[in-house]
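Below is one structure, written out as C-alpha cells; the observations come after it.
The values are calculated or read from the model by the stated rules, or taken from the named source; none is laboratory data. As the structure is a computational prediction, the values presented were derived from the model and not from experiment. All Cβ positions, glycine included, derive from the backbone under ideal geometry; neighbour counts span all protein chains shown.
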Amino acid sequence: MNYRKLGGTDLKVSEIGLGTFLFGGPPKQWPKEIGWDGVKDKLSLNILSTCLDLGINFIDTADVYGNGHSEELIGQAFKKRRTQIIICTKGGNRINSKGGWFKDFSQEWIKRACEASLKRLQTDYIDIYLYHTPLNQLQCIFEEFEVLDKLKTAGKIRSYGVSIGPVRDGLKLLECGFADVIETTYNIIERDAEKKLFSAAKSKKVGIISRVPLCTGFLTGKFTPDVTFEKNDLRSSLNQELIQWLIEQTEKVHRLVTDGARTLAQVALQFCLSNPAVSVVISGAKTIKELRENAKASELKPLSGKDLSYIKKVVPAVPGISEEIEKQYDKFFEGAKRRYSP
C-alpha cells in the first residue's frame, strides 16, 4: 500500500480507503419497499479488521450510515488500535421522529452530532469531520462554521471540511478558505472535479477525498445491457436510459483489462489516483475479496499516459452527468421525505 499526505494536514493516508455506507443497515429515511442489500455486522467487522492487514488506514463513515451503527461497528473494530487508523465521519443530516430527512448545520446540532459520533466511535478525537453534502446551504455553513474551530481547539477533531454535492460548492469553499479537506465524487465517468476544483485545491493545500470511484458499481464491469436491479438496490431508482448509458461507457474501457494484469475496478481506482490532487480514494466492499482487490490497485503499476489519454478520449466528460445522477437521487429522497415527514 502506498500513502499520500492529506493536503496541508499532518495526516498520511493510504491511497485506498474504505467507505462504510453499506455497513450498519439502511438510513431510516429510505422508503420501506427499498429494503437493504448491505453487509451484515459479522462480515462488516471482518472487513474492518482486514483493512490494517492490507495497509488501509483510512475509514470513511457518517452518523446517518445505518443510523449511527456504521460508526458503532468502526468503534468496536478499532477501539484497541485507534492510533493505527484515520477516521473521517460526517454530520449535518437529521432524522425526525417519523424518519423524515432534513439538514441542520447549526452550531448546536453539529456539536451534539460530533459528541454522539465520538461516543459511537469509542474515541476522544475524530481525524476528519465533514459537513455532509450541504447542497444549497453553504451560506448556513459559513454563518455557523465557528463550531468546527471550537471542536478543533478542544482536540475533538483534528481537521474539517465538507463532503460536497455539486463541484461548484467546492470552489466556493476554496474561495473562502474554509476547508482543510474536501470530499467529492470523482471517477472515469464523472470528471467535473478535474476542470477547476483539483487545481484550486492543490494550490491551497486542501486535501481531496475521492468518493464513488466505481460510479455506484457500474465501473466494475459486472453489469450487462439487460441488467435489472431489485427493489432493495438503490440503483433501481435510476432511469433505464441512464443505466444503459453508464454501461456503454464502461464497456469502452474494457480493452485496458484484456491482459489480465488488472481488473476493471482496479483501472477505475487507478484512474482516480492518477490525479496528484487526490490523496485517497474511498470505495465500499461487500466481501473480503473485493477489499483485497481494491487495496491491490495501489500496488499495481500505474496507468500509463497512453491509457489515461485513451480513457478520456473514448469516455466523454459529459457536462452535467453529475447533476443528472444527482437529480435522480434527489427525486428518490424527496419522495422518501414526503412519505415520512409530518
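Answer yes or no: is there a residue in region 180-188 that is among the acidic types (Asp, Glu), closer than 23 Å to residue 59 by Cα and in contact (Cβ under 8 Å) with a residue 24 or more places away in the chain. Yes, region 180-188 contains a residue that is among the acidic types (Asp, Glu), closer than 23 Å to residue 59 by Cα and in contact (Cβ under 8 Å) with a residue 24 or more places away in the chain. The residue pairs whose first member lies in region 53-67 and is of a type in the set (Ser, Thr, Tyr) and modelled with pLDDT of 95 or more, whose second member is part of a helix (DSSP H, G or I) and buried (at least 24 other Cβ atoms within 10 Å of the Cβ), and whose beta carbons are closer than 8 Å, counting only pairs six or more residues apart or on different chains, are 61/70; 61/71; 61/74.
Residues considered: 171, 130. Of these, the only one that is touching a residue at least 12 places away in the same chain (Cβ under 8 Å), buried (at least 16 other Cβ atoms within 10 Å of the Cβ) and under 17 Å from the mean Cα position of the chain (by Cα) is 130.
For region 77-120, the set of residues classified as of a type outside the set (Gly, Ala, Ser) and touching an Asp or Glu at 6+ places or on another chain (Cβ under 6 Å) consists of 86, 87, 88, 94, 105, 107, 120, listed by residue number. Among the residues of region 105-127, the ones that are surrounded by 15 or more Cβ atoms within 10 Å (Cβ to Cβ), among the aliphatic types (A, V, I, L, M) and part of a helix (DSSP H, G or I) come to 4 in all. Among the candidates 301, 312, 306, 327, the residue that is in a loop (DSSP other than H, G, I, E, B), of a type in the set (D, E, K, R) and modelled with pLDDT under 95 is uniquely 301. Among residues of region 144-160 that are more than 19 Å from residue 206 (Cα to Cα), those with a Cβ under 6 angstrom from a residue that is of a type in the set (S, T, N, Q), sequence gap 6+ or separate chain, pair up as 144/106; 144/107; 147/107. For region 208-228, check the following and say yes or no: at least one residue is part of a loop (DSSP other than H, G, I, E, B), touching a helix residue (DSSP H, G or I) at 6+ places or on another chain (Cβ under 8 Å) and crowded, with 21+ Cβ neighbours inside 10 Å. Looking for residues that are part of a loop (DSSP other than H, G, I, E, B), touching a helix residue (DSSP H, G or I) at 6+ places or on another chain (Cβ under 8 Å) and crowded, with 21+ Cβ neighbours inside 10 Å, one finds at least one in region 208-228, hence yes. Somewhere in region 82-90, is a residue touching a residue at least 24 places away in the same chain (Cβ under 8 Å), more than 20 Å from the chain's Cα centre (by Cα) and over 19 Å from residue 285 (Cα atoms)? There is at least one residue in region 82-90 that is touching a residue at least 24 places away in the same chain (Cβ under 8 Å), more than 20 Å from the chain's Cα centre (by Cα) and over 19 Å from residue 285 (Cα atoms). Among what's in region 174-203 and is crowded, with 22+ Cβ neighbours inside 10 Å and among the acidic types (Asp, Glu), pick the residue that is nearest to residue 313 (Cα to Cα). Filtering region 174-203 for residues that are crowded, with 22+ Cβ neighbours inside 10 Å and among the acidic types (Asp, Glu), the one nearest to residue 313 (Cα to Cα) comes out as 190. All but one of (1) at pLDDT 85 or above; (2) of a type in the set (S, T, N, Q); (3) assigned to a helix (DSSP H, G or I) hold for residue 236; which doesn't? It is condition (1) that residue 236 fails. Scanning region 277-307 for residues that are surrounded by fewer than 22 Cβ atoms within 10 Å (Cβ to Cβ) and closer than 24 Å to residue 52 by Cα returns 286, 287, 288, 289, 290, 292, 293, 296, 299, 300, 301, 302.
The residue that is modelled with the lowest pLDDT, among those in region 28-52 that are outside any loop (DSSP other than H, G, I, E, B) and hydrophobic (A, V, I, L, M, F, W, C), is 34. In region 133-168, the qualifying residues are those that are of a type in the set (S, T, N, Q) and either in a strand (DSSP E or B) or modelled with pLDDT under 90 (or both), and the one that is farthest from the chain's Cα centre (by Cα) is 139. Scanning region 68-94 for residues that are at pLDDT 90 or above, basic (Lys, Arg) and either touching a helix residue (DSSP H, G or I) at 6+ places or on another chain (Cβ under 8 Å) or over 24 Å from residue 40 (Cα atoms) (or both) yields one hit, 81. Looking only at region 95-109, decide whether some residue is more than 20 Å from residue 277 (Cβ to Cβ) and at pLDDT 95 or above. No, region 95-109 contains no residue that is more than 20 Å from residue 277 (Cβ to Cβ) and at pLDDT 95 or above.
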